[in-house]
1. Could you tell me whether segment 192-210 includes any residue that is assigned to a helix (DSSP H, G or I), over 27 Å from ALA309 (Cβ atoms) and without any contact (Cβ under 8 Å) to a residue 40 or more places away in the chain?
2. Working only within segment 392-440, note down all residues that are aromatic (Phe, Trp, Tyr) and in contact with a Lys or Arg (Cβ under 9 Å, 6 or more places away or on another chain).
3. Report every pair of residues separated by at least 6 positions or lying on different chains whose Cβ atoms are under 6 Å apart, first residue within segment 445-462 and hydrophobic (A, V, I, L, M, F, W, C), second part of a helix (DSSP H, G or I) and modelled with pLDDT of 95 or more.
4. Go through (1) on the phi > 0 side of the Ramachandran plot; (2) under 24 Å from the mean Cα position of the chain (by Cα) one by one and return the number of the condition ALA314 breaks.
5. Pick out the one residue from VAL64, VAL48, VAL122, VAL91 that is of a type in the set (Val, Ile, Thr), touching a residue at least 60 places away in the same chain (Cβ under 8 Å) and farther than 30 Å from GLY419 by Cα.
6. Restricting the search to segment 108-149, which residues are part of a loop (DSSP other than H, G, I, E, B), under 21 Å from ALA86 (Cβ atoms) and hydrophobic (A, V, I, L, M, F, W, C)?
7. If you take the residues of segment 150-160 that are under 18 Å from GLY62 (Cα atoms) and either of a type in the set (D, E, K, R) or assigned to a loop (DSSP other than H, G, I, E, B) (or both), which of them is farthest from the chain's Cα centre (by Cα)?
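The values are calculated or read from the model by the stated rules, or taken from the named source; none is laboratory data. Everything quoted here is computed from the prediction, not taken from an experiment. As a convention, Cβ positions derive from the backbone with ideal geometry for all residues, glycine included, and neighbour counts pool all protein chains shown.
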Amino acid sequence: MIRLFGTELDAATADFIRANRIRGACLFRQNMTDAAQLTRFTGDLKDVMGDDVLIALDQEGGAVVRALWVPPPPSAMALGAAGDAALARDVGAAVARAIRAMGFNWNFAPVLDLNNNPQNPVIAERSFGADPDQATALALAWMAGSESEGVACCVKHFPGHGDTHVDSHRDLPTVDKPLSELERFEFAPFRTAAPHAPAVMTAHIVYPALDADHPATMSRAILSDLLRTQWGYEGVIITDGMDMHAIAHRYRAGDAAVNALVAGADMVMAIGNRDTQEETVDAIAAAIADGRLPLEGVHARLERLDRLARAHPAGAVPTTTDAADRALMAQAWRRALTARGNPQRPAPRAKVRLVARQDVVSDGVSEAGVPAGAIAAMLGQLFDVELVTFADAETFDWGALPDDGRFTILASTSRRRYGPHARATWTPDLHLALWNPYQALDFAAPALLTYGFAPPALDAVRAWLAGDIEATGRCPVPGF
């Protein structure tokens with residue numbers, strides 16, 4: 001599977017695809033402008049790759065979405081806070097309708113990682129929670145909704161990325177736990193989902209209890225011995241992006257691809273530049289030629305990919321439910337809204353001071369957060385708002401804020417946890433944790449948790465501040 005560059009299929013890329021019989025593409029935000037453009041793009045990909053094409057994206061919900069104009073789904077942890085499997089199924093179906101309308105037949109979701117590490121820099125609200133049974137039930141419901149609309153899911157990141165404090169996009173994490181603990185916790189959702197999941201995505205993480213020398217993506221002990229043999233998994237195994245630093249900073253692209261296939265993967269996600277894609281293709285061809293990848297195993301892999309594609313045909317299927325799906329998403333965001341520490345509403349038209357970051361950034365996985373001005377505009381519908389922004393939380397002087405009686409609201413609009421200076425000195429009257437719920441643990445202040453910053457999440461906050469709704473969600477991880 002390759003990534004593409006630009007918003008249309010150019011002749012050189014089409015020639016590369018035909019020459020190498022590429023049958024999978026993963027599209028990202030930079031490949032998208034609007035629904036019409038994207039539908040043309042996926043249609044062109046199907047024309048050049050063939051009917052058994054697999055066209056994928058990451059449309060998890062929350063901050064990890066690629067198509068921004070479709071009904072905005074809540075994050076997995078928002079659904080965990082709502083705690084309703086029927087709602088999760090409906091959301092999964094609505095997500096699938098929106099992306100299938102633009103020609104996708106594979107969604108790299110849902111996340112089955114159990115997030116029990118408050119310092120996790122990349123999973124957090126992408127997880128349904130920390131309880132294996134509840135998180136798995138919600139994930140399976142979401143997946144059933146997607147399947148009902150003809151879009152294949154891909155559970156990730158096997159065998160579990162929840163208990164890490166390192167982002168595998170940046171470096172190689174290790175989860176050093178006894179096998180008994182891994183089986184009880186990290187492995188549990190994947191083991192339960194294995195009979196139902198059409199595809200599994202590997203984690204670029206070392207698990208010494210199983211294989212001290214190789215990340216899961218390249219571990220025969222994990223992909224073949226555990227997943228295939230012990231658990232009897234018959235679906236597709238695809239690697240996470242092989243351009244991620246956990247892999248790319250340690251292996252050549254071709255070697256990494258062959259190692260993953262030898263370990264048991266069916267498809268390599270070669271989403272680096274064209275040079276690394278060509279290196280990957282050449283290395284796989286060489287490994288087939290010299291017997292490191294025996295033809296019998298190659299054909300078995302191709303058959304699994306064929307089954308996945310034929311069960312989920314590519315091609316745009318228009319939807320007529322956009323308005324209903326937007327209402328569904330708005331309801332889900334509202335039901336997720338979670339209060340911590342008995343937050344109080346300012347009086348109508350009260351004088352409010354909003355403190356928020358100057359910039360909104362992407363961490364390379366998620367979309368950029370909501371601008372401070374957008375939050376100020378939302379609050380301005382209800383209150384007299386003064387906006388104060390900061391560039392660096394660790395140098396911002398909270399004590400310099402005027403002692404003028406304004407009700408002070410901190411809005412957290414990034415994924416990163418706060419540092420020691422902010423935790424020791426900031427004293428908001430209300431903390432709006434609009435992305436990573438664990439940020440609410442950084443301050444003693446009462447907090448409102450949304451698990452994401454999509455427009456309907458802000459609408460839910462405004463409705464709560466106006467007294468129109470209550471915050472009925474329950475955070476599905478320890479500490480809250």
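1. From segment 192-210, those assigned to a helix (DSSP H, G or I) are 192-193; that's our starting set.
Now narrow it down to the ones that are over 27 Å from ALA309 (Cβ atoms): none.
Within segment 192-210 (the criterion being assigned to a helix (DSSP H, G or I), over 27 Å from ALA309 (Cβ atoms) and without any contact (Cβ under 8 Å) to a residue 40 or more places away in the chain), the answer is no, since none of the residues qualifies.
2. Selection gives PHE407, TRP435, TYR438.
3. From segment 445-462, the pairs are ALA447/ALA440; LEU449/PRO437; LEU449/ALA440; ALA457/TRP333; LEU458/MET378; ALA460/TRP333; ALA460/ARG334.
4. Result: ALA314 fails condition (1) only.
5. VAL91
6. Within segment 108-149, ALA109, LEU112, PHE128 meet the criteria.
7. CYS154
A quick yes/no check of all residues on (1) under 19 Å from CYS475 (Cα atoms); (2) within 27 Å of the chain's Cα centre (by Cα):
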residue	(1), (2)
HIS299	no, no
GLU303	no, no
THR319	no, yes
ASP325	no, yes
ARG334	yes, yes
THR338	yes, yes
ARG349	no, no
VAL352	no, no
ALA356	no, yes
